[in-house]
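Let me begin by presenting the structure, written as structure tokens, before commenting on it.
The values are calculated or read from the model by the stated rules, or taken from the named source; none is laboratory data. Note that this is a predicted model, so its numbers are computed, not measured. Cβ sites come from the backbone with ideal geometry, for glycine too, and all protein chains shown count toward neighbours.
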Amino acid sequence: MVDLLLTLLRTDFPNVQQVAYQKLLSSLNASFNLNEVTFHHIKKNGTVIVVLLDSTKAFDTVPPDGLRIKLFEYGATGKLWLLLDNMYTDLSSAILSGGKLSKWFKLNRGVRQGSALSAKLYLIFINDLINELESSNKGAFLYDINSSSPVQADDISLIATNHESAQKMVSICEQYSESWSFSFSPTKSKLLQFGKKLTGPDIFLYNEPILSVKSATHVGISLDTSMKTMDRTLKACRTLRATTASVIRSGIHPAVLNPIVCAKIIRQVCYPKALYGCEIWGKLSKTETLMLERTHHYVCKFIQGLPRRTRTDMCLSLIGWFNLDSFINERKLLFFGRICNLPQRAISFRILVRKLFELKYFNQEYTNCASDFSKDCVDILYKYHLSDYLTKFMDSGHFPSQRIWKRIVHRSIFEYELKEWQQRINIDSDFNIFKKIHKVFQPHPAWTVALDFPYLRKQANYIVSLCCLVHNTNSDSILCDKCGKLFTDPCIHAISSCDYLSDIRDEFWCELLCLNPITFSAFLGSLDDEDFCYILLSCETEFELDCEQKKTFSIFMRQICLQILQNIFSFLIDNMN
């Protein structure tokens, strides 16, 4: 309630440079604003000075008296001001650790830890500093947009085009901190210089020079003055492998959990961590894309228990995953949609609009900029046939809501990637058999059966492994040393015609005859050996069944397929050894 009352007092709060604790905004917007302004000046052969200020224990050092003054200046008066004053009078705190409570001690500084109101109070306390930085006009501009100080709560970044302006902005922060009894850390603050080499005087904070570095982290996203992205990609690959291994070691292992569940957990936990900030990545090089895809394929094969040399389009489709490139593109498009839905006064919205019109009218000038988020998003929109939404946005300012845009993006990417997958498997002879077994891009029925019947997990893994075999496409026959017959495909021979396995095959047909209708059993018996084998491996049938019969088939028939096929090949392997 108090938070709502404070919000209603001012419509111009917080400053547009501040992105923390606001609807539709996140730390990605702060990084987006910084990157776009930096790239804008670099493309014009300019120099950009970025200063990342470290506020020493920001929330813990807010002076209560200073906060009271800021609240009054903000517009909180009367009973509201008295209520807030009472909340921060004679504060006490204690520490609970290991079930033991420490002695109570008084809090003379800072806002309440864990309070929903603390974030709003800190934004009020720091807002005037952002106003001063913006009104100084010493920072960098993107055309007419002042984006000199992107701020995420207490993470303050200053962007200037020369050392003198940067020093002036740092001095403003220094004077403000001294006036309001808090401090920045000169030793933990960082200075980065982008663009052409330019020597200049040191930038001082409290009479101490700020350390100049070549790379630093801003709101969790790496910045590199060399503008090279290979280290970022390597880090993403290592993080994905490491977090996946960590999750697996914690007990979420394919031998314990169904791969569908395992894949969902890894997709929700490991991928966002490894690819944090991928929304604002520019176009990746072919080498970087290959590195990321290889890591993605490794994870996909590992959670299904498939050999490392399994064909990629097989293992991905059997678990219902697309290439990692589509995952990154989806994140970019969703972030693009969030920016388009921002209020018109938002810095990110204004920057994006300027960049889109810049691309529209000066496209040739910036075609080769690999770091340009806007250019990359436009290319992705055209790739997935979503350019009409871009055209409508630029003509009228209208864009789908976030919920609708998410559905549109998901559907478009699915349709595009499905078409690409079908084209790849249709022109590759290694997939001649696989495309008859697995015709849809979704988890294999063996995995879904094992989801309902966990005791069949081992058999499901066996079936999926058989589906991934690259079958013999030559007409050369092989002699079976068990039954003496010639065959071209060992799977078809073992399932349909090997006399050595006739007892197990007879057991299977006895189970099969129990299924209704009897015409379905007759249909299976009329199939040639190849088609019969493909139906068993796919655990699916195109035979017309009513709803109740389909339910019976999906439960009973799939269990039979899993158990009998595993028995056939296990018996054959055991006797060969």
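Here is a check on your reading of the model: is Ser189 in contact (Cβ under 8 Å) with a residue 24 or more places away in the chain, out of contact with any Ser or Thr (no Cβ under 7 Å at 6 or more places or on another chain) and within 30 Å of Gly66 (Cβ to Cβ)?
Criteria met by Ser189.
Condition check: at pLDDT 95 or above and within 18 Å of the chain's Cα centre (by Cα). Does Leu284 satisfy that?
Against the criterion (at pLDDT 95 or above and within 18 Å of the chain's Cα centre (by Cα)), Leu284 does not qualify.
Which one of these does Leu418 not meet: (1) within 30 Å of Ala20 (Cα to Cα); (2) at pLDDT below 95; (3) within 23 Å of the chain's Cα centre (by Cα)?
With (1) within 30 Å of Ala20 (Cα to Cα); (2) at pLDDT below 95; (3) within 23 Å of the chain's Cα centre (by Cα) applied to Leu418, the lone miss is (1).
From the list Gly251, Gly220, exactly one residue is surrounded by fewer than 15 Cβ atoms within 10 Å (Cβ to Cβ), free of Cβ contacts under 8 Å to residues at least 60 places away in the same chain and out of contact with any Gly (no Cβ under 6 Å at 6 or more places or on another chain). Which is it?
On inspection, the qualifying residue turns out to be Gly251.
Yes/no per residue for (1) in contact with a strand residue (DSSP E or B) (Cβ under 7 Å, 6 or more places away or on another chain); (2) touching a residue at least 60 places away in the same chain (Cβ under 8 Å):
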{"residue": "Asn15", "(1), (2)": "no, yes"}
{"residue": "Ala30", "(1), (2)": "yes, yes"}
{"residue": "Val62", "(1), (2)": "no, yes"}
{"residue": "Met87", "(1), (2)": "no, no"}
{"residue": "Ser93", "(1), (2)": "yes, no"}
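Take Phe32 and decide whether it is in a loop (DSSP other than H, G, I, E, B), within 33 Å of the chain's Cα centre (by Cα) and surrounded by 15 or more Cβ atoms within 10 Å (Cβ to Cβ).
no
Sort out which residues of segment 200-225 are out of contact with any helix residue (DSSP H, G or I) (no Cβ under 9 Å at 6 or more places or on another chain) and at negative phi, and write them in order of number.
Glu208, Pro209, Leu211, Ser212, Val213, Lys214, Ala216, Thr217, Thr225
Output yes when any residue across segment 496-503 is touching a Ser or Thr at 6+ places or on another chain (Cβ under 7 Å) and either at pLDDT below 85 or part of a loop (DSSP other than H, G, I, E, B) (or both), and no when none is.
No - not one qualifying residue is present in segment 496-503.
Exactly one condition in (1) out of contact with any Phe, Trp or Tyr (no Cβ under 9 Å at 6 or more places or on another chain); (2) outside any loop (DSSP other than H, G, I, E, B); (3) closer than 23 Å to Thr47 by Cβ is not met by Cys173; state its number.
Of everything listed in (1) out of contact with any Phe, Trp or Tyr (no Cβ under 9 Å at 6 or more places or on another chain); (2) outside any loop (DSSP other than H, G, I, E, B); (3) closer than 23 Å to Thr47 by Cβ, Cys173 misses just condition (1).
Trp321 passes all but one of (1) under 30 Å from Ile437 (Cα atoms); (2) assigned to a helix (DSSP H, G or I); (3) not acidic (Asp, Glu); which number fails?
(2)
Out of (1) surrounded by fewer than 20 Cβ atoms within 10 Å (Cβ to Cβ); (2) among the aliphatic types (A, V, I, L, M); (3) in contact with a Pro (Cβ under 9 Å, 6 or more places away or on another chain), what's the single condition that is false for Val37?
Here Val37 clears every test but (1).
Criterion first (surrounded by fewer than 18 Cβ atoms within 10 Å (Cβ to Cβ), without any contact (Cβ under 8 Å) to a residue 24 or more places away in the chain and at negative phi) does Ser171 satisfy it?
Judged against the criteria, Ser171 is a match.
Which pairs do you get when a residue that is assigned by TED's automatic domain parsing to the domain that holds Ala242 and part of a helix (DSSP H, G or I), found in segment 271-289, comes within reach of a residue that is among the hydroxyl-bearing types (Ser, Thr, Tyr) and modelled with pLDDT of 90 or more, reach meaning Cβ atoms under 7 angstrom, with the pair 6+ apart or on two chains?
Pairs found: Lys273/Thr239; Lys273/Thr243; Ala274/Thr239; Ala274/Thr243; Ile280/Ser31; Glu288/Thr233.
Filter segment 287-309 down to residues that are charged (D, E, K, R) and either within 19 Å of Thr244 (Cα to Cα) or under 18 Å from the mean Cα position of the chain (by Cα) (or both) and give me whichever is surrounded by the fewest Cβ atoms within 10 Å (Cβ to Cβ).
Once the filter is applied, the top-ranked residue is Arg308.
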